[in-house]
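Below is one structure. I have some questions about it.
The values are calculated or read from the model by the stated rules, or taken from the named source; none is laboratory data. Quantities reported herein were computed from a predicted structural model and do not represent experimental measurements. With ideal geometry, Cβ positions are generated from the backbone for all residues, glycine too; neighbour counts draw on all protein chains shown.
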2 protein chains.
Amino acid sequence: MMVKITDVARHAGVSPSTVSYALSGKRPISEETRQRVEESIRRLGYRPHAGARALASSRSNVLALVVPLRAGIHVPVVMQFAVSVVTTARRYDHDVLLLTQEEGEEGLRRVADTALVDALIVMDVQLHDPRLPLLRALERPSVMIGFPASSDGLTCIDLDFKAAGEACVEHLARLGHRVVALVGSPPEVYVRQTAFAQRVVQGFTAAADRNGLASAVHPCEASPAAARAVAEQLLREQPALTGVVVHNEAILEPLVDAFEQLGLRVPGDLSVTAICPDELAESLRVPVTSIALPSAEVGTRAVELLMKKLGGSTAVPEATLLPPRMTERASAARRAIA
Amino acid sequence: MMVKITDVARHAGVSPSTVSYALSGKRPISEETRQRVEESIRRLGYRPHAGARALASSRSNVLALVVPLRAGIHVPVVMQFAVSVVTTARRYDHDVLLLTQEEGEEGLRRVADTALVDALIVMDVQLHDPRLPLLRALERPSVMIGFPASSDGLTCIDLDFKAAGEACVEHLARLGHRVVALVGSPPEVYVRQTAFAQRVVQGFTAAADRNGLASAVHPCEASPAAARAVAEQLLREQPALTGVVVHNEAILEPLVDAFEQLGLRVPGDLSVTAICPDELAESLRVPVTSIALPSAEVGTRAVELLMKKLGGSTAVPEATLLPPRMTERASAARRAIA
DNA sequence: CTGAAAGCGCTAACAT
DNA sequence: ATGTTAGCGCTTTCAG
């Protein structure tokens, strides 16, 4: 039933090792025998046994991907990221094992220690993530999506959220806005100390101060009702408000709707910029000027970093911050002079 | 560095096979030695090498999950399904390898033939899916989510979409509605001949006819503009319309909005029922009476079916149709008597 | 109830 | 440039 390497070797009139080397390219093979081997492989329909390979080479060619399940994370972003990881991994002849956050540290330890996977990608990293010590101790390379408080000895990658927050404000400032607000993630995200949410706040505040803008920050639950409430609160507390930065996929649309229902035109009376997936920004009734959440690129880069590490490269950067890219759309305009 | 079974055996003063059997339970072990073995395992931090295990036992304890990428599929549903598959697989001591549709038949063949996985779960099955012959020929069990034209020799599971379509109509009929319409998936879904979309149409039409209702079916693109257009078309072509069934997650909200903007109150003038994820139905401004898309249950059941097959059970049903469960919410009410 | 030992299919020294 | 062969770490007969 199953064709093995010795079958191929016999059929091609060579030794098993020659077949192995023909497949891996780890030593020179004469063009002629390589042809013969490849032909035999094709004719016999040979497929190397993954387990045997892993055992003999101590490489499974499988990466673990740990995805978050929790509230406040935008599902399409996770999915897009996962697809990008799988696609890129395949380009390097690797497969991807899917783990849920739920499995926790034990899950990571299990797949690493049983040699099921060669390396790990961990999403949704918290400032003081309990998995940090484990990842440091593990004998296998890993890449984290997001930044913990201290990334010493770890490899992290993410959008530069601080720069993204700054870019949104700078853009509004350039358009003449003097009073701005940030509508952010749900409170639990801040409580969890997810770094990226706080970074946005830092960037937002710093840029507002630097530009001499009046500013305020409002976390917001992921419900239309909450969006409405925040909109009302904003107008009450900052009557001169003309610029809003939104960092919360779930309520971007309801928030804009709420503003309009309150009699404010976007962008006529209020300019809006957001940090969100491009597809979301594009799809709204008023397309939103936004900094893209580059999930696909982060996924690709994460895999590439891992491959570099698996290749024994020592020159892998600890921190990779992807620069924000802004796309101007209809939602932000020059402030009307009263 | 790595602790192996012989280390454990030595430490516990038994043979390697005893350790193996203590772990697998495949032969009786005296309580006393089992204790000793377990203690040694714990002390040494032993983890069996996955590859070695797979090689010796010809079981990798890994399942493949193939997820779709194409247009017209609702991402959160896919994600929820995947999470449910992973969670359930873990309960059976299995892991999940993530594959994308993109990899195609070659991807399936690869992971199956290399013995990377023991079994496969395939989502988004088309009526005449090109993967069907392959899945039949594969030496490994598989479960398909969705129904092809002929499921002979394959194991399929899905919501009973025909019954779901019927249930929506029956519900509207019971509420006194006499003229109904189905707003369905984007045209490309029908062109692709995804069975579930057509089943809904069948159920919808059959139930409408059976109840003597006037009915019409309208595919609809996944954009707010398309929703608006369909709403207008509906009112033009079926002025007496009072009941609408929606089978299209993406446009449920815009469609209801469009109706209201056209002056129709939901459910005052128009009753709406939908086939969609519960979370979506709950989250709308007017919560929608709906048949749930039971992604989590489908995922769980799919894994259970595979486990049964892997266990050598021959009594695995070819077709599993999950009965629709309707939750009444605010969007459907008794027809107002003019 | 437990041990000994023969593989599982492949890779990577070590030879030539 | 190619062949020989000793493992990789575990499971599972076969023996007792």
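Would you check which residues across the stretch B:21-32 are under 16 Å from B:V8 (Cα atoms), exposed (fewer than 13 other Cβ atoms within 10 Å of the Cβ) and either within 10 Å of DNA strand D (Cβ to nearest atom) or within 14 Å of another protein chain (Cβ to nearest Cβ) (or both) and list them?
B:S24
When the residues of the stretch A:8-19 are filtered to those that are within 8 Å of DNA strand D (Cβ to nearest atom) and not aliphatic (A, V, I, L, M), which remaining residue is surrounded by the most Cβ atoms within 10 Å (Cβ to Cβ)?
Per the stated criteria, the residue is A:T18.
Quick grid of which residues meet (1) outside the structural domain of B:R210 (by the TED database); (2) in contact with a helix residue (DSSP H, G or I) (Cβ under 9 Å, 6 or more places away or on another chain); (3) free of Cβ contacts under 8 Å to residues at least 60 places away in the same chain:
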site	(1), (2), (3)
B:S150	yes, yes, yes
B:T155	yes, yes, no
B:A167	no, yes, no
B:E170	no, yes, yes
B:G176	no, no, no
B:V180	no, yes, no
B:P187	no, no, yes
B:A197	no, yes, yes
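Filter the stretch A:33-78 down to residues that are within 10 Å of another protein chain (Cβ to nearest Cβ), closer than 18 Å to A:A9 by Cβ and touching a residue at least 40 places away in the same chain (Cβ under 8 Å), then give me how many there are.
Going through the stretch A:33-78 one residue at a time, the tally reaches 5.
Quick check on the stretch B:50-70. Is at least one of its residues modelled with pLDDT of 95 or more and charged (D, E, K, R)?
For the stretch B:50-70, residues modelled with pLDDT of 95 or more and charged (D, E, K, R): present.
Out of curiosity, is B:A208 in contact (Cβ under 8 Å) with a residue 12 or more places away in the chain, farther than 22 Å from B:V78 by Cβ and away from chain A (no Cβ under 14 Å)? Working first, answer last.
Working: in contact (Cβ under 8 Å) with a residue 12 or more places away in the chain: yes; farther than 22 Å from B:V78 by Cβ: yes; away from chain A (no Cβ under 14 Å): yes.
Taking the combined requirement at face value, the residue satisfies it.
Give B:Y92, B:Y46 a once-over and let me know the one that is hydroxyl-bearing (S, T, Y), surrounded by 18 or more Cβ atoms within 10 Å (Cβ to Cβ) and modelled with pLDDT of 95 or more. Can you show your working first?
On the way: B:Y92 fails: surrounded by 18 or more Cβ atoms within 10 Å (Cβ to Cβ).
Result: B:Y46 is the single residue among B:Y92, B:Y46 that is hydroxyl-bearing (S, T, Y), surrounded by 18 or more Cβ atoms within 10 Å (Cβ to Cβ) and modelled with pLDDT of 95 or more.
For the stretch A:214-242, which residues satisfy the criterion of being of a type in the set (D, E, K, R) and either within 21 Å of A:A333 (Cα to Cα) or not in a loop (DSSP other than H, G, I, E, B) (or both)? Before you say what the answer is, go through the steps one by one.
Step one: of the stretch A:214-242, the residues of a type in the set (D, E, K, R) are A:221, A:228, A:232, A:236-237.
Passing the criteria: A:R228, A:E232, A:R236, A:E237.
Moving to a separate point now. Please work out which one of (1) at pLDDT 95 or above; (2) more than 16 Å from DNA strand C (Cβ to nearest atom); (3) closer than 29 Å to B:T87 by Cβ is the condition A:V75 fails and give its number.
(1)
Here are some residues: B:T87, B:T100. Which one is within 10 Å of another protein chain (Cβ to nearest Cβ), out of contact with any His (no Cβ under 6 Å at 6 or more places or on another chain), farther than 26 Å from B:P133 by Cα and not aliphatic (A, V, I, L, M)?
Exactly one residue qualifies, and that residue is B:T87.
With over 40 Å from the mean Cα position of the chain (by Cα) and more than 10 Å from DNA strand C (Cβ to nearest atom) as the only criterion, which of A:E32, A:E38 stands out? Reasoning before the result, please.
Values: A:E38 fails: over 40 Å from the mean Cα position of the chain (by Cα).
After applying the criteria, what remains is A:E32.
Go over the candidates B:V3, B:V8, B:V19, B:V66 one by one and state the one that is away from DNA strand C (no atom under 15 Å from the Cβ), out of contact with any strand residue (DSSP E or B) (no Cβ under 6 Å at 6 or more places or on another chain) and hydrophobic (A, V, I, L, M, F, W, C).
On the way: B:V8 fails: away from DNA strand C (no atom under 15 Å from the Cβ); B:V19 fails: away from DNA strand C (no atom under 15 Å from the Cβ); B:V66 fails: out of contact with any strand residue (DSSP E or B) (no Cβ under 6 Å at 6 or more places or on another chain).
It is B:V3.
Taking the stretch A:41-55, which residues are closer than 14 Å to B:T114 by Cβ and either of a type in the set (A, V, I, L, M) or within 11 Å of DNA strand C (Cβ to nearest atom) (or both)? Give the steps one after another, and end with the answer.
Start the filter on the stretch A:41-55 by keeping residues that are closer than 14 Å to B:T114 by Cβ, which leaves A:41, A:45-55.
Correct list: A:I41, A:Y46, A:R47, A:P48, A:H49, A:A50, A:G51, A:A52, A:R53, A:A54, A:L55.
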